[in-house]
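The values are calculated or read from the model by the stated rules, or taken from the named source; none is laboratory data. As the structure is a prediction and not an experimental result, all values here were calculated from the model. We place every Cβ from the backbone using ideal geometry, glycine too, and count neighbours over all the protein chains shown.
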Amino acid sequence: MSSAKTGEELLKMSELVEASGVPAPTIKHYLREGLLPDPVKTSRNMAWYRPETVERIRLIKRLQEERFMPLKAIRALLDEDPSQAEAMLEVEDRILERALAGERKRTSLAEVEKYGVPKKALDRLAEIGILTPNEQGYSPSDVAIIEAMSRFRAGGYDEQIGFTVYDTLRYKHALEALVKEEVDVLMERLEGELPPERAVELIEAGAEPLKDLIAALHTKLMVEEVARRR
C-alpha cells in the first residue's frame, strides 16, 4: 500500500516483522509503550506502517540488548533526540571495532611458555575470566597479563608466601566498576558532540595517559595507606 501523502510504500505487520527481525508481540509492545509512530489505520483490524519504523524497531532492540536500557529510558531518549541514540551506538561500534582489531592477533601456548608461568596457572586464570584464550591462542591483552604475572613471580610473589592467581580477581572486580563508570562518562560527553571517528580518536589518545594516571594514583594511595597504618 502507498501513502497518499508521501507515495511511500507502507508495510503490513508481517512485512514489518520480516524486515526488522523482531517478532510481532514485541513490536506491539513497543507500540503500546509509545516507542513507535502510530500506524496508518485503514480499518478496525488493519494497520500499515511507515518504512522508517523498521529502523526505529532495530534501534530500540539494540538499545535494549547492547546498552541494557529499559523501555522508559529509551522512550525518553527517542523523544528528546533520536539521532543521539544512533550516534551513541555508532561511537560504541567504532570503539569496539578498533578494540577487536587490536585483539585479533593470537599467540600460541608454546610461545607464551617463555614467560615461565605454569600451564596450571594459565588454565586457572582462564577459568576465572582473567585470560580469554581461544583455539588460536592468547590475545595481546592476555599476553600482557601473562608477562605481568611472570614478573610478579620473578619478584617473589608466589604460592609459597600465599600469592595465587586468584589475587588477580581483586583487581578485575575493582576495574570492572571503574571501567563501567568511565565508559558511561565518555559516552555521555562524546555522543552527539563529535563525529564518531573523532570521538574514537580522542578516546585512543587518552589511553596511555590514563594508564600513567592510574599507576601514579595507585602508588600515591599505597603510600598513604601504609603511612596511615603506622
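Points to keep in mind about this one:
- Meets criteria (in contact with a Pro (Cβ under 9 Å, 6 or more places away or on another chain), among the charged types (D, E, K, R) and within 30 Å of Glu197 (Cα to Cα)) for Lys172: no
- Qualifying positions in segment 137-181 - of a type in the set (Phe, Trp, Tyr) and either at pLDDT 95 or above or more than 22 Å from the chain's Cα centre (by Cα) (or both): Tyr138, Phe152, Tyr157, Phe163, Tyr166
- Segment 11-23 residues that are in contact (Cβ under 8 Å) with a residue 12 or more places away in the chain, paired with ones that are part of a helix (DSSP H, G or I) (beta carbon under 6 Å, 6 or more apart): Met13/Ala24; Ala19/Val54; Ser20/Val54; Ser20/Ile57; Ser20/Arg58; Val22/Ile57; Val22/Lys61
- The residue list Thr53, Thr26, Thr107 contains one member that is surrounded by 11 or more Cβ atoms within 10 Å (Cβ to Cβ), farther than 30 Å from Val200 by Cα and polar (S, T, N, Q), which is Thr26.
- Condition met for Arg98 (more than 30 Å from Ala199 (Cβ to Cβ) and of a type in the set (D, E, K, R)): no
- Lone unmet requirement of (1) acidic (Asp, Glu); (2) surrounded by 11 or more Cβ atoms within 10 Å (Cβ to Cβ); (3) within 26 Å of Ala121 (Cα to Cα) for Glu176: (2)
- Condition check for Val112: under 24 Å from Leu11 (Cβ atoms), at pLDDT 80 or above and crowded, with 16+ Cβ neighbours inside 10 Å: no
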